[in-house]
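Read the figures in this text as sums done on the coordinates, not as results from a lab. Keep in mind that this is a model prediction, so the values were computed, not measured. All Cβ positions, even for glycine, are placed from backbone atoms using ideal geometry, and neighbour counts span all protein chains on display.
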Amino acid sequence: MQPRLFRTLIFIAGIMFILLWLVLHFFNRFAADDYQLLYERFHYGALNATLHQYFSWCGRWLPLGFMFTMLSLGKWGGFLFVYGIFTILIFLLATYRFARVATNRYLPQRIPGSVVLTFSIFFILTFFSLTPQKNEVWFWYNSTSMYQWNIIMLIFGMSFLIGEEKGPFELFFIALSFMYVGAASEPFAIALIGVMMGFTAWHKIKNDTFSLKNLFAIGALVFAFILSIIAEGNSIRANYLPPASGRVAMINTIKTFYNIIHYHGINMAGLSALFFMCWLGFGMYLSNTYRPVTRIAPRFLIVKTFLFISVSLVVVFVSTYTLGGVSPQRVLGAVFFSYAIFIAVGGTYFGVALGPKKIAWTLATVSAGLILVYNGYLLFRHTAIESKYANAVDVRLELLRQYKEEGNERTIYLAPLPDPGFLHSAEIKADTGAVLNQQLKAGLQLDFEVAVKK
């Protein structure tokens, strides 16, 4: 009874998460600096806008091309909602494909597709719930192509990398996926290059046979990374950032992890325990149904922990160094993605090794129930918060359009926006010359200055 109840609760929690995702994207709105992207897309065209960004601001050429191509529909009112649905569907497809390929390869029997799908959704829920900066990683359009789609493409690429299929179709998707990752986030690309080259060297030392697909993937990753970092726009953007130094980067790396623990530690500890128990339940389900032979291997746990810590430190340190001390909020998505893997793989591993235990099943079932309640609470609470915020943004934009049609030339002072909840705020500054204010002005092609009331 307990395994069936556990799976039912996990399934309902996944459905609740999908509903939460749809609600949040229904109320999602462009941030102020997203309007600069809209202006460039419709002023230059998708291709020329990508080249303009590459040579004047940012070298992330492949995500930029994707971002501007998608923005072809950006003036349509329902764009962000449809974009959110498209993103979660591709995210789910990538996660399901990876889980399907991995379980077929490493388990003695085939797992039903419904089980794989349920726990694919649950993994995305785990990642979402353990990410404190949901606004910058999950809902800010300017960020999602660099960070969320970066992770989606990595999962896709890994699914083709570990798969048994061979052929030009497979190589095309490996190249596309790892080129996207290499061009999307320099810190994460550096960490991934290190991990993949380390595994390749390890296989070579042990004289194990490994697929040439690994070298092909590393080649695509490095090629895209080099093309990204040599862009002229990176040097121009660096002029707007504080000077970088190893000492400052190290201090800010420590501060970053301290702030995560200080501001989110209690909440993350509780959620981590609940999700770990749920993944432990999944491991026990596998052990009970398929009887895989395994036991706790200290070396596996040590390597897994070392990889998580190393990736986290490299990503944050490189980010703080290149940003010159600016807080690396968006790049933390890669850290919490690694953490979600750490929780999911660790819990499943312990569950398989432990085998079905009554007390463990009880804890896993209770944890699944609490996660379901937690998602219900988020859905109820944030529907009210985000709807109020979205309405205020819509009213503001309509007001600015009216002033534009009237030929207004005086500065317009706007009422502050309410709490955006999980969404990225579209708020501007009280100073009309602030970058966000000027980006909103350019995006909406206003002939007057705008500022928020003090």
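Key figures
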{"quantity": "Restraint check, LYS304/LYS357; LYS255/LYS388; LYS255/LYS357; LYS213/LYS357; LYS166/LYS206, Cα-Cα greater than 31 Å", "calculated": "LYS255/LYS388; LYS255/LYS357; LYS213/LYS357"}
{"quantity": "Whole-Hz ³J(HN,Hα) from phi, Karplus 6.51 cos²θ - 1.76 cosθ + 1.60, for the range 401-408, glycine and proline x", "calculated": "5, 5, 4, 5, 5, 7, x, 4"}
{"quantity": "LEU354/ALA273 FRET efficiency (R0 22 Å; Cβ-Cβ; nearest 0.05)", "calculated": "0.85"}
{"quantity": "Label-point separation, LEU313 to LYS166 (7 Å along Cα→Cβ), nm", "calculated": "3.9"}
{"quantity": "Length-normalised contact order for the range 2-393 - Cα pairs under 8 Å, 6+ apart - percent", "calculated": "26"}
{"quantity": "Cβ-based net charge around LEU47, under 14 Å, with every Lys or Arg adding one and every Asp or Glu removing one", "calculated": "0"}
{"quantity": "In Hz, Karplus ³J(HN,Hα) per residue of the range 89-100 (6.51, -1.76, 1.60; θ = phi - 60°; x = Gly, Pro)", "calculated": "5, 5, 4, 5, 4, 5, 5, 4, 4, 4, 5, 4"}
{"quantity": "Ascending count of other beta-carbon atoms within 10 Å, so fewest first, for SER367, SER425", "calculated": "SER425, SER367"}
{"quantity": "Per-residue Cβ neighbour rank within 10 angstrom, fewest leading, LYS441, LYS255", "calculated": "LYS255, LYS441"}
{"quantity": "Reachable aspartates and glutamates from LYS453, criterion Cα separation under 13 angstrom, eight or more residues apart if same chain", "calculated": "GLU427, ASP431"}
{"quantity": "Mean residue ellipticity (222 nm) of the chain, computed from DSSP H runs ≥ 4 via -39,500 (n - 2.57), nearest 500", "calculated": "-25500 deg cm²/dmol"}
{"quantity": "Cα gyration tensor category, rounded, prolate or oblate, for the range 16-111 with a/c compared to 1.5", "calculated": "oblate"}
{"quantity": "Angle between the chain longest axis and helix 2-26 axis [Cα atoms, degrees, rounded to 10]", "calculated": "10"}
{"quantity": "Residues PHE81 and TYR413, FRET efficiency given R0 of 30 Å [Cβ-Cβ distance, rounded to 0.05]", "calculated": "0.50"}
{"quantity": "Under-5 Å amide H pairs with VAL450, H placed in peptide plane, nonlocal only", "calculated": "ILE412"}
{"quantity": "For a label point 7 Å along the Cα-to-beta-carbon line of GLN402, residues of the range 414-446 with backbone N under 15 Å", "calculated": "414-415"}
{"quantity": "Euclidean distance between Cα centres, the range 22-72 to the range 352-378, Å", "calculated": "41"}
{"quantity": "Vicinal HN-Hα couplings computed from phi for the range 270-275 (Karplus, 6.51 cos²θ - 1.76 cosθ + 1.60; Hz; Gly/Pro x)", "calculated": "x, 5, 4, 5, 5, 5"}
{"quantity": "Two-site label geometry, PHE257 and ASN391: point separation in nm, points 7 Å out along Cα→Cβ", "calculated": "4.5"}
{"quantity": "Ranked VAL248, VAL116, VAL395, criterion: other C-beta atoms within 10 Å, fewest first", "calculated": "VAL395, VAL248, VAL116"}
{"quantity": "Per-pair calculated FRET efficiency, R0 = 60 Å: LYS204 and ARG381 via Cβ, rounded to 0.05", "calculated": "0.70"}
